[in-house]
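Below: the structure, in structure tokens.
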Amino acid sequence: MKRTGYILVFLCLFAGVLWADDKVKPAMQIEDNTFFDPSRKEVSHEQYRFSVEYRIEAGFTQHEQRARDLSYQGMFLNGVRVGATFTFNLPLHFGLQTGLLYTLVYGTNEQHWRSMDAPSVQTEYITHRVLEHDFTVPVRLYYTIPVWKKLNLFVFTGPQLQIGLAENDYMQLHLSEGTQNWLKDKGIPTSPYDRMTDELVRANIQWGVGGGIEWDRYRLQGGYDFGLNNLVKHPLVKGQYMSEWGWFASFSYRF
């Protein structure tokens with residue numbers, strides 16, 4: 001009798017488990033019946049497609065002519081840069097940008113000389129008013145960081161070639177006659193001239209770094225460029241060296 005009772009209790013418990021399982025199953029059903037479909041293909045959220053972006057750009061720039069010693073007078077030149085760029089979009093948020101930009105900058109400084117006529121040590125000076133025209137060809141590697149919807153951050157680095165078109169020095173002399181004659185004998189210009197003609201190298205090679213923020217088609221960016229080569233074509237003294245560095249802040253629009 002006891003064995004029969006145990007069997008009946010076991011059968012009752014087993015029947016209860018089956019009944020409860022039937023009640024739970026409907027709640028565990030998956031609404032998307034295609035989830036386990038073997039023909040279903042996974043779609044990546046980010047698919048790379050080769051494309052090219054075209055932009056126009058305009059902004060402010062400052063060039064700094066750096067000299068190692070006082071044999072060549074350095075100065076700051078401020079102005080504008082405008083042009084067009086195009087970017088090859090690469091995988092993994094990278095891009096390669098190049099283009100053509102025109103730069104117009106202006107700066108002034110004073111160059112002091114010891115007077116050749118004064119009986120005691122006195123200095124005289126030349127005021128240099130320089131207007132520089134350049135074409136710039138950048139080659140930049142970009143990396144974009146998605147932030148939110150159409151908002152992105154980006155950084156870039158790479159070389160650029162600055163091609164000097166002209167660097168006109170509209171100088172004003174504040175010199176005595178003896179000092180002017182002494183400078184002429186040394187081959188130092190004392191009248192307005194284009195420094196690119198015989199004095200400076202036209203090709204300025206730079207390496208730049210920078211970054212900015214992008215919203216949809218609009219970009220606000222800035223960067224700094226380090227001058228890599230000596231721009232003095234015919235040194236007047238041994239070791240004479242000058243390079244041109246610069247920074248910029250600009251706005252661009254993508255078509």
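Worth pointing out:
- Residues satisfying the stated conditions in the stretch 61-117, i.e. farther than 22 Å from residue 140 by Cα, under 23 Å from the mean Cα position of the chain (by Cα) and among the hydrophobic types (A, V, I, L, M, F, W, C): 75, 76, 77, 105
- Output for the stretch 125-173, where each listed residue is in a loop (DSSP other than H, G, I, E, B) and under 21 Å from residue 90 (Cβ atoms): 150
- For the stretch 216-225, the condition holds for at least one residue, the condition being that it is in contact (Cβ under 8 Å) with a residue 40 or more places away in the chain and farther than 19 Å from residue 160 by Cα.
- Every residue from the stretch 202-247 that is open to solvent by 20 Å² or more (accessible area, probe 1.4 Å), part of a loop (DSSP other than H, G, I, E, B) and among the aliphatic types (A, V, I, L, M): 228, 236, 237
- Matching residues, the stretch 208-255, being modelled with pLDDT under 95 and among the hydroxyl-bearing types (Ser, Thr, Tyr): 241, 243
- Residues of the stretch 115-128 that turn out to be closer than 25 Å to residue 76 by Cα and open to solvent by 80 Å² or more (accessible area, probe 1.4 Å), as a count: 1
- Applying the criterion of being farther than 26 Å from residue 230 by Cβ and in contact (Cβ under 8 Å) with a residue 60 or more places away in the chain to the residues of the stretch 173-200, the residue that is most open to solvent (accessible area, probe 1.4 Å) is 177.
- Residue 101 being open to solvent by less than 40 Å² (accessible area, probe 1.4 Å), modelled with pLDDT of 95 or more and assigned to a strand (DSSP E or B): yes
The values are calculated or read from the model by the stated rules, or taken from the named source; none is laboratory data. Note that the structure is predicted; figures quoted are calculated from it, not measured. Virtual Cβ from ideal backbone geometry, glycine too; neighbours counted across all protein chains shown. Remember, those area values only see protein heavy atoms, side chains included, never the ligands or the DNA or RNA. Shrake-Rupley method; radii C 1.70, N 1.55, O 1.52, S 1.80 Å.
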